[in-house]
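S.K.: Below you'll find the structure I mean.
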Amino acid sequence: MRIERTRTAVTAVTAETAVTAIGLLAVLALAGCTAQEPAPDAVPDTATGTLEQLAERVDCTPRIQTDAEELRQANCATADGTYVLATFATDRGQREWLNSAKDYGGSYLVGRKWVAVAGQDVITKLRGRLGGEIESAEGAHSGHHGS
């Protein structure tokens with residue numbers, strides 16, 4: 001009788017363990033199916049840093065064009081394309097520069113105190129490396145003005 005009770009207890013424990021294991025496997029399978037992997041076009045957090053640090057992040061050796069206290073600007077040519085990368089001392093200086101630049105149209109990748117300027121396809125590639133927000137403008141000075 002004691003042996004029979006032990007067998008029943010062992011059978012009950014084995015059945016309970018099997019149900020728990022099956023439940024655990026089901027949870028793991030569902031978690032595997034719903035796990036979020038980064039999408040190929042996922043946008044990273046917006047980069048910060050100096051002109052040189054931003055350029056390094058996109059594998060650019062910057063050709064400095066403007067090196068002033070309020071604005072540093074460089075040309076870059078990488079596998080992503082050619083573009084202008086600019087950093088600003090203040091948020092206000094950046095916004096004023098953007099407002100003026102947008103008169104000429106174009107695509108802008110905008111981060112905190114930095115901007116990249118290029119064609120839309122290059123801006124999209126850079127965004128995958130620098131983050132930021134894309135701003136576009138139809139320029140008042142762009143287009144053909146004939147007589």
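S.K.: State which residue is nearest to the chain's Cα centre (by Cα) when the search covers only the range 38-62 and only residues that are surrounded by 12 or more Cβ atoms within 10 Å (Cβ to Cβ) and either basic (Lys, Arg) or farther than 22 Å from residue 98 by Cβ (or both).
M.R.: Across the range 38-62, the extreme among qualifying residues is 57.
S.K.: Looking only at the range 63-82, filter to residues that are hydrophobic (A, V, I, L, M, F, W, C) and open to solvent by less than 100 Å² (accessible area, probe 1.4 Å); which one of those is farthest from residue 116 (Cα to Cα)?
M.R.: So the residue we want is 68.
S.K.: Search the range 57-79 for residues that are free of Cβ contacts under 8 Å to residues at least 24 places away in the same chain and pair each with any residue that is open to solvent by 100 Å² or more (accessible area, probe 1.4 Å) and in a loop (DSSP other than H, G, I, E, B) when their beta-carbon atoms are under 7 Å apart and the residues are at least 6 apart or on different chains.
M.R.: Between residues of the range 57-79 that are free of Cβ contacts under 8 Å to residues at least 24 places away in the same chain and residues that are open to solvent by 100 Å² or more (accessible area, probe 1.4 Å) and in a loop (DSSP other than H, G, I, E, B), the close pairs are 78/59.
S.K.: Would you mention how many residues in the range 106-117 are of a type outside the set (Ser, Thr, Tyr) and at pLDDT below 95?
M.R.: From the range 106-117, those of a type outside the set (Ser, Thr, Tyr) are 106, 109-117; that's our starting set.
Now drop any that are not at pLDDT below 95, which leaves 106.
Qualifying residue count for the region: 1.
S.K.: If you check residue 78 against the conditions, is it farther than 25 Å from residue 95 by Cα and at pLDDT 50 or above?
M.R.: It is true that residue 78 is farther than 25 Å from residue 95 by Cα and at pLDDT 50 or above.
S.K.: Out of the strands (runs of 3 or more DSSP E) lying entirely within the range 86-140, which hold 3 or more residues that are open to solvent by less than 70 Å² (accessible area, probe 1.4 Å) and either touching a residue at least 40 places away in the same chain (Cβ under 8 Å) or among the hydroxyl-bearing types (Ser, Thr, Tyr) (or both)?
M.R.: In the range 86-140, the matching strands (runs of 3 or more DSSP E) lie at 106-111.
The values are calculated or read from the model by the stated rules, or taken from the named source; none is laboratory data. Fair warning: this is a prediction, and the values are worked out from it, not measured in the lab. Heads up, the Cβs are rebuilt from the backbone with ideal geometry, glycines too, and the neighbour counts pull from every protein chain shown. The area values use the complete protein model at the heavy-atom level, side chains included, leaving out ligands, DNA and RNA. Shrake-Rupley method; radii C 1.70, N 1.55, O 1.52, S 1.80 Å.
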